[in-house]
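J.: Quick one: structure below, then a few questions.
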Protein chains: 2
Amino acid sequence: MSEKLPSHIARGVRRRDEVLRFAIGVATQEGLEALTIGRVAEAAGFTKAGLLGHFTSKEELQLATLRAGRDSFLQAVLSPSAADPPGIVRTYRLLKRWVGHVAASEGGCFFASVAAEYDGRGGVVRDAVEQLVREWMAGLEHFLREAKAAGHLRPDADTADIVFALYAFELALNLRQQLLRDRKAPARGIAGMTATLYQHATAAGRRLLKNEVRTR
Amino acid sequence: MSEKLPSHIARGVRRRDEVLRFAIGVATQEGLEALTIGRVAEAAGFTKAGLLGHFTSKEELQLATLRAGRDSFLQAVLSPSAADPPGIVRTYRLLKRWVGHVAASEGGCFFASVAAEYDGRGGVVRDAVEQLVREWMAGLEHFLREAKAAGHLRPDADTADIVFALYAFELALNLRQQLLRDRKAPARGIAGMTATLYQHATAAGRRLLKNEVRTR
């Protein structure tokens with residue numbers, strides 16, 4: 001995309017992306033509240049005035065950081081799903097990438113961090129965090145409904161309950177990885193998620209899932 | 001206890017407890033980092049000098065707040081277990097009180113909040129948070145081992161895996177309650193925990209658990 005922009009604008013876009021990558025790191029480790037214009041400007045090698053050319057307020061910087069975190073998460077975790085046929089295998093592969101992404105991220109899960117930071121507050125940043133979590137839960141549930149429609153999950157499986165359990169294992173693996181420095185946390189997390197899918201799967205779904213787990 | 005202390009000391013202890021109750025509330029909502037001497041002094045009606053008579057530094061105030069949070073949690077959730085016979089029923093009742101405590105706490109789970117706040121940092125406060133989470137996990141595992149010894153959980157049940165799943169459901173219910181304002185979150189949480197125990201229970205354990213869930 002940026003190749004087609006005039007070079008000074010392309011440069012601006014690249015600089016903006018650079019700032020946001022840095023900001024995601026700070027926010028995951030120390031919280032979105034740590035993202036002050038002065039702090040981010042200094043660390044990213046901008047003057048305060050220069051950074052204010054990209055983001056006019058702390059709140060705008062926080063919201064842009066959330067959006068950038070969402071976009072890179074969906075790019076890494078969700079986008080590859082387009083190549084998989086709908087059903088339990090697509091769901092399992094999505095969960096594997098989710099866990100892999102959290103395990104590979106410095107500071108762990110960006111969204112778990114900011115959710116804990118904002119869940120006791122009000123304001124537009126809090127609302128944006130809530131919306132991102134709801135969006136991801138809805139995405140997971142969509143995959144589970146596809147799996148049900150494909151005959152891989154039992155017709156009576158409660159997809160909202162399954163989403164709750166999958167999210168639970170993600171939060172727990174993130175806590176173990178970050179706070180307890182447990183290197184087996186990602187393996188425990190994916191094992192819990194896989195067992196959850198298995199419990200609610202049909203015989204056909206279980207065969208596909210077992211085969212997928214074995215060959216990966 | 002405090003009745004036997006000289007009255008000026010007893011008053012000091014009460015004032016200290018009062019400050020710590022207030023501090024737990026602030027820390028759950030906004031984080032332990034929000035506990036500055038000036039902030040807490042003002043809100044609790046102390047002068048800064050007066051508060052410094054009780055806590056000599058921000059860090060000491062943070063550590064005392066963690067200990068006070070731990071003590072009131074164990075008092076509410078763990079202490080009543082002494083009256084229950086070891087086994088799956090004692091474990092289930094503990095989980096019910098845990099979920100009830102989180103559901104009733106303004107700002108949700110104090111430990112989930114501070115765990116998320118400190119998991120990307122270093123320092124003595126972080127280490128204290130880690131120790132508290134480990135202590136609680138070890139306590140849960142102790143109850144599960146008792147349930148196994150009583151013949152209520154299968155001999156091959158992996159108690160560390162069960163603790164992981166129980167903790168997962170607690171974190172997920174806390175997120176749903178606080179961030180998504182889902183009033184059914186506690187019910188979902190205890191349902192997930194109960195299903196986890198049930199999966200790993202023996203026939204005798206399942207009978208006891210079913211009976212306990214029905215009569216409560």
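Read-outs throughout are calculated quantities, based only on the coordinates presented, and are distinct from any laboratory measurement. Since this is a predicted model, take the numbers as computed values, not measurements. FYI the Cβ positions are ideal-geometry reconstructions off the backbone, even for glycines, and counts take in every protein chain you see.
J.: Where does the Debye-calculated log10 I(q)/I(0) of the stretch A:1-159 sit at q = 0.11, 0.20 Å⁻¹, using only Cα point scatterers of equal weight, no solvent?
T.: For the stretch A:1-159 at q = 0.11, 0.20 Å⁻¹, log10 I(q)/I(0) is -0.54, -1.24.
J.: To continue, here is another question. Please state the shape class of the protein assembly as shown: rounded when a/c is under 1.5, otherwise prolate if a/b exceeds b/c and oblate if not, all from the C-alpha gyration tensor.
T.: Judged from the Cα gyration tensor, the protein assembly as shown comes out oblate (a/c at least 1.5, b/c at or above a/b).
J.: Taking the alpha-carbon set of the stretch B:72-216, what are its Rg and Dmax in Å?
T.: 15.3, 47
J.: Under a straight-distance cross-link criterion of Cα-Cα below 28 Å, which lysines are reachable from residue A:148, leaving out those fewer than 8 residues away in the same chain?
T.: A:96, A:210, B:184
J.: Here's something else I'd like to know. Give the nm distances, rounded to one decimal, from residue A:76 to the matching residue in every other copy, measuring between label points 7 Å along Cα toward the beta carbon; shortest first.
T.: 3.6
J.: So the label point sits 7 Å from Cα along the Cα-to-Cβ vector; using that for residue A:5, what distances do you get to the other copies, in nanometres, sorted shortest first?
T.: 6.2
J.: Here is a further query. How big is the stretch A:1-56 by the Kirkwood estimate over distinct Cα pairs, in Å?
T.: 11.8 Å
J.: For the stretch A:183-216 and the stretch B:77-143, what is the separation of their Cα centres, given in Å?
T.: Rounded to whole Å, the Cα centres lie 28 Å apart.
J.: Something else now. Can you spot the lysines whose alpha carbon is less than 21 Å from residue B:48's alpha carbon? Ignore those fewer than 8 places along the same chain.
T.: The qualifying lysines are B:58.
J.: Give the residue list of chymotrypsin sites (Phe, Trp or Tyr not before Pro) in the stretch B:1-106 that are DSSP loop and have at most 11 other beta-carbon atoms within 10 angstrom.
T.: For chymotrypsin sites (Phe, Trp or Tyr not before Pro) across the stretch B:1-106 that sit outside H, G, I, E and B with at most 11 neighbouring Cβ atoms in 10 Å, the list is empty.
J.: Residue by residue, what Karplus-based ³J(HN,Hα) values in Hz, rounded to whole numbers, does the stretch B:49-58 have, using 6.51, -1.76 and 1.60 with θ = phi - 60° and x for Gly and Pro?
T.: 5, x, 5, 5, x, 9, 9, 7, 8, 4
J.: While we're here: One decimal, nm, shortest first: give the distances between the label point of residue A:121 and those of the same position in the other copies, each label point 7 Å from Cα along Cα→Cβ.
T.: Nearest to farthest, the other copies are at 1.5 nm.
J.: For chain B, calculate the relative contact order in percent as a whole number, restricting contacts to Cα pairs under 8 Å that are 6 or more residues apart.
T.: For chain B, the relative contact order is 20 percent.
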